[in-house]
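S.K.: Below is the structure I would like to discuss, written out as structure tokens.
The values are calculated or read from the model by the stated rules, or taken from the named source; none is laboratory data. Note that the structure is predicted; figures quoted are calculated from it, not measured. Neighbour counts run over all protein chains shown; Cβ positions are idealised from the backbone, glycine included. Please note that ligands, DNA and RNA were not included when accessible areas were found on the heavy atoms of the full protein model with its side chains. Shrake-Rupley method; radii C 1.70, N 1.55, O 1.52, S 1.80 Å.
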Amino acid sequence: MQASEAEKPRIVVLISGSGSNMVAIAEAVKAEVSDSDNEAEIVGVISNRPNAEGLNKAQALDLHTDIIDHTLYASREEFDHALIRMIEDLKPDLVVLAGFMRILTADFTRYYEGRLLNIHPSLLPKYQGLNTHQRALDAGDDIHGVTVHFVTEELDGGPNAIQAIVPILDIDNAQELQKRIQVQEHIIYPIAVKWFCEGRLTMKGNQALLDGKQLPTSGIQLDTRG
Ligand code: NHR
Ligand code: GAR
């Protein structure tokens with residue numbers, strides 16, 4: 001049975017940069033329309049940077065776009081409240097951070113708790129914050145990766161849904177590592193979004209659940225080592 005128009009899960013994607021994860025999700029969502037009971041819809045792509053390359057990509061995909069320039073707001077609270085208003089106009093079921101680079105206030109994360117996902121380029125809880133590839137290299141790690149997690153007030157601290165493990169090679173540098181990580185991002189983020197839209201992936205009391213069962217702290221792990 002096809003879900004009716006009215007029941008289609010509505011997704012809003014927040015970006016700041018190139019938008020490649022947004023594109024991966026948009027393509028996956030489009031591919032599902034033909035063959036799934038639980039099709040979803042990206043109802044808007046919002047950037048805090050007026051010149052984000054991802055805005056052009058969203059327009060090329062015929063997606064609705066909005067810009068909210070954080071530099072025009074006096075405080076994080078004011079920016080976040082305006083951002084909530086802009087998102088609410090789109091009546092989302094899910095809000096996806098895809099390379100969104102502004103730390104969000106507790107007002108925002110509480111408002112969207114349980115329906116706010118982020119992708120972070122490390123094996124969380126390792127390497128929260130910025131510059132993760134270089135930090136993994138500097139530490140001499142032999143694995144690195146990327147995590148899709150529910151967003152809570154604690155930066156990069158919400159429960160993990162899925163993570164992909166990527167080997168660090170002897171000859172690696174941050175740029176090469178990032179490229180290999182991004183290949184995995186474009187696989188695992190659409191999966192997490194699909195599970196959410198199907199009602200399979202949920203958050204309850206700071207735990208991520210899949211089909212009602214508590215996930216391990218790491219989330220579902222995809223190990224890409226040979
Ligand atoms: N907000 C909360 N409350 N919790 C999270 O888990 C969040 C979040 C906001 C963004 C994405 C993120 C990441 O995956 C994210 C997760 C930006 C910064 C940052 O320091 C940190 C983490 C993340 C994104 N931003 C600077 C700031 O002052 C600005 C940096 C810039 O503009 O380049 O907001 O790691
Ligand atoms: C992604 O690699 C994502 O993991 C990272 O930014 C990139 C955005 O790429 N996120 C962070 O670093 C969060 N601090 P995209 O705009 O092409 O999707």
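S.K.: From Ala31, Ala26, Ala60, which residue is within 16 Å of ligand 2 (Cβ to nearest atom), free of Cβ contacts under 8 Å to residues at least 60 places away in the same chain and open to solvent by 30 Å² or more (accessible area, probe 1.4 Å)? If you could, list the steps in order and put the result at the bottom.
M.R.: Numbers: Ala31 fails: within 16 Å of ligand 2 (Cβ to nearest atom); Ala26 fails: open to solvent by 30 Å² or more (accessible area, probe 1.4 Å).
That would be Ala60, the only listed residue that is within 16 Å of ligand 2 (Cβ to nearest atom), free of Cβ contacts under 8 Å to residues at least 60 places away in the same chain and open to solvent by 30 Å² or more (accessible area, probe 1.4 Å).
S.K.: Also, I was wondering about something else. Which residue, of Thr152, Thr147, is open to solvent by less than 30 Å² (accessible area, probe 1.4 Å), more than 10 Å from ligand 2 (Cβ to nearest atom) and in contact with a Gly (Cβ under 8 Å, 6 or more places away or on another chain)?
M.R.: Details: Thr147 fails: more than 10 Å from ligand 2 (Cβ to nearest atom).
Checking each option against the conditions leaves just Thr152.
S.K.: If a residue must be open to solvent by 20 Å² or more (accessible area, probe 1.4 Å) and more than 14 Å from the chain's Cα centre (by Cα), how many such residues does segment 177-206 contain?
M.R.: Matching residues across segment 177-206 total 12.
S.K.: Inspect segment 100-121 for any residue being open to solvent by 80 Å² or more (accessible area, probe 1.4 Å), at pLDDT 95 or above and of a type in the set (S, T, N, Q) and give the result as yes or no. Quick ask: steps written out before the conclusion?
M.R.: Kept after step one, since they are open to solvent by 80 Å² or more (accessible area, probe 1.4 Å), are these residues of segment 100-121: 101, 103, 110-111, 113.
In the following step, the residues that additionally are at pLDDT 95 or above were identified as 101, 103, 110-111, 113.
Now drop any that are not of a type in the set (S, T, N, Q), which leaves none.
Checked segment 100-121: no residue is open to solvent by 80 Å² or more (accessible area, probe 1.4 Å), at pLDDT 95 or above and of a type in the set (S, T, N, Q).
S.K.: When you scan segment 195-224, how many residues do you find that are in a loop (DSSP other than H, G, I, E, B) and under 21 Å from Leu123 (Cα atoms)?
M.R.: Just the residues of segment 195-224 that are in a loop (DSSP other than H, G, I, E, B), to begin with: 198-200, 205-206, 211-212, 215-219, 224.
Remaining after also requiring under 21 Å from Leu123 (Cα atoms): 206, 215-219, 224.
Number of matching residues: 7.
S.K.: Still on this model: Being more than 16 Å from ligand 2 (Cβ to nearest atom) and either more than 13 Å from Leu14 (Cβ to Cβ) or touching a residue at least 24 places away in the same chain (Cβ under 8 Å) (or both) is the filter here, so list the residues in segment 63-75 that pass it. I'd like the intermediate steps shown before the answer.
M.R.: In the first step, residues of segment 63-75 are kept if they are more than 16 Å from ligand 2 (Cβ to nearest atom); the result is 64, 66, 68-69, 71-75.
The answer is His64, Asp69, Thr71, Leu72, Tyr73, Ala74, Ser75.
S.K.: If you don't mind, there's one more thing I want to ask. Mind checking which helices (runs of 4 or more DSSP H) fall wholly inside segment 36-141 and carry at least 2 residues that are farther than 23 Å from Arg200 by Cα and within 11 Å of ligand 1 (Cβ to nearest atom)?
M.R.: Working: elements: 53-60, 76-88, 106-111, 132-138.
Hits in segment 36-141: 76-88, 106-111.
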